[in-house]
Amino acid sequence: MGKRDKLSGNEAVAIAMRQINPGVVAAFPITPSTEVPQYFASFVNDGLVDTEFIPVESEHSAMSASIAASAAGVRTMTATSSNGLSYMYEMLYIASMSRTPVILNCVNRTVSGPLNIHCDHGDSMGARDSGWIQVYSETNQEAYDNLIIGTKVAEDPSVMLPFMNCYDGFITSHSVENIELIDDSDVKKFVGEYEPAHALLKNTCAFGPFDSQLYYYEHKRHQAEGMKNAKAAIIKYSKEFEKITGRKYNLFEEYKLDDAEIALVIIGSSAGTAKFVANRLRDKGIKAGVLKIRAFRPFPFDEIGAVLKNLKAIAVMDKCTSLNDAGGPLFLEVRSALFDQPLHPHTVNYLYGLGGRDVKAGDLESVYMDLIKIIETGETGNVHRYLGLVE
């Protein structure tokens, strides 16, 4: 039986870490992820875990220590945000190429400068091609659940890639919500013991050697196969998790899409607002829906293309920009997923919420109204749009 509680996202994630009891946690504080290692350090101090907690001098060192611990053969976790993730950038690639399944809680925050401590997705999206699995959460409950599921996904023998548990800074990390915790024993049984086939303390092997042109290409292919296999692993362990909790997860969530004509494709906490608006429009007879992306890496191209192909118009919502005059990262992925479909819905991109700019129900309703106009006129108009911008 689960236990109901009221927790912030950061505290819920720290509790999941306590229940998993990793061998090593190496971390350096940065807002708004600081509370995760802070809470966890109290568990270490109180003797509630066996974890070796390493308070390092920088985020770069945090990831370096995490890679070394994972290569040694122990389950390893950390947390960071924004410029902290940027400071880890070199080591993110080494973690994934070394096939060390480090677990990173990325509490999304805009990347400076100028200085801004509020939420957008520029930090994790900037690392989207670093070889890390990325799953995004809408709620505190999902942030807690995704960490537990993600541990199994990362350590699956067919995957062996690091996992980024992404959730919105302050909106999710610091807000308190009702949450259902799993019993400690059930979490431990679900994640099991970490038993890598290759580990420095277990057998003769090498991590991080020079990789010449004779082998590097093939190693990147192996890494790509691991990411490809992560899709099936997410589905597999989500189903196992559902048997324990009754909470159902997949690569994405379809909300009222069965008969929808218009829809928002969205990621993170704003999905909850989008669902609220879709319900309100449904009451008015408007067939609105929402596609909430959970797994951004690996990106479910085929599945998303199949789900969206029959809609008349969709708006892809990006909470960060690629500064490329071609649209945000989520938009580019979704549009690519639709390319091979015989029918294409009108597809537009909205940039929103940068630097923590508030996005309210009325804002998202205006996007749905724009989609209705597109259907009525048959003209997409400007594909790249701004929501809530003071021109």
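The values are calculated or read from the model by the stated rules, or taken from the named source; none is laboratory data. Computed from a predicted structure; not experimentally measured. Positions of Cβ are backbone-derived with ideal geometry, glycine not excepted, and every protein chain shown enters the neighbour counts.
Side notes on the structure shown:
- Residues satisfying the stated conditions in the stretch 357-390, i.e. hydroxyl-bearing (S, T, Y) and either under 17 Å from A271 (Cβ atoms) or assigned to a helix (DSSP H, G or I) (or both): S366, Y368, T377
- Criterion: outside any helix (DSSP H, G or I), touching a His at 6+ places or on another chain (Cβ under 8 Å) and among the β-branched types (V, I, T) - qualifying residue of T110, T100, T78: T110
This table checks each residue for (1) among the small types (G, A, S); (2) assigned by TED's automatic domain parsing to the domain that holds P196; (3) under 17 Å from S33 (Cα atoms).
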{"position": "A72", "(1), (2), (3)": "yes, yes, no"}
{"position": "S81", "(1), (2), (3)": "yes, yes, yes"}
{"position": "M97", "(1), (2), (3)": "no, yes, no"}
{"position": "S112", "(1), (2), (3)": "yes, yes, yes"}
{"position": "I117", "(1), (2), (3)": "no, yes, yes"}
{"position": "I133", "(1), (2), (3)": "no, yes, no"}
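- Flag if K239 is more than 30 Å from A68 (Cβ to Cβ), outside the structural domain of V359 (by TED's automatic domain parsing) and surrounded by fewer than 14 Cβ atoms within 10 Å (Cβ to Cβ): yes
- Within the stretch 19-72, the set of residues being of a type in the set (S, T, Y), in a helix (DSSP H, G or I) and closer than 22 Å to E195 by Cβ comprises S66, S70.
- The helices (runs of 4 or more DSSP H) falling completely within the stretch 113-200 include none with 3 or more residues that are modelled with pLDDT of 95 or more and in contact with a Lys or Arg (Cβ under 6 Å, 6 or more places away or on another chain).
- Within the stretch 314-337, being buried (at least 20 other Cβ atoms within 10 Å of the Cβ), touching a Leu at 6+ places or on another chain (Cβ under 8 Å) and of a type in the set (A, V, I, L, M) holds for I314, A315, V316, M317, V334, A337.
- Residue in the stretch 283-290 that is closer than 28 Å to D129 by Cα, surrounded by 21 or more Cβ atoms within 10 Å (Cβ to Cβ) and in contact with a strand residue (DSSP E or B) (Cβ under 8 Å, 6 or more places away or on another chain) present: yes
- Within the stretch 205-236, being surrounded by 15 or more Cβ atoms within 10 Å (Cβ to Cβ) and either touching a helix residue (DSSP H, G or I) at 6+ places or on another chain (Cβ under 7 Å) or over 17 Å from L161 (Cβ atoms) (or both) holds for F207, Q223, A230, A233, I234.
- Condition check for K319: modelled with pLDDT under 95 and touching a His at 6+ places or on another chain (Cβ under 8 Å): no
- Some residue of the stretch 51-63 being closer than 30 Å to I244 by Cβ and surrounded by 24 or more Cβ atoms within 10 Å (Cβ to Cβ): no
- Checked against (1) buried (at least 22 other Cβ atoms within 10 Å of the Cβ); (2) over 24 Å from E11 (Cβ atoms); (3) of a type in the set (S, T, N, Q), S158 passes all but a single condition, namely (1).
- When each of E35, E90 is tested for being touching a residue at least 24 places away in the same chain (Cβ under 8 Å) and surrounded by fewer than 18 Cβ atoms within 10 Å (Cβ to Cβ), the lone residue that passes is E90.
- Test: residue in the stretch 98-105 that is under 21 Å from the mean Cα position of the chain (by Cα), farther than 28 Å from Y352 by Cα and free of Cβ contacts under 8 Å to residues at least 60 places away in the same chain: no
- Test result for E254, loosely packed, with under 15 Cβ neighbours inside 10 Å and at pLDDT 95 or above: no
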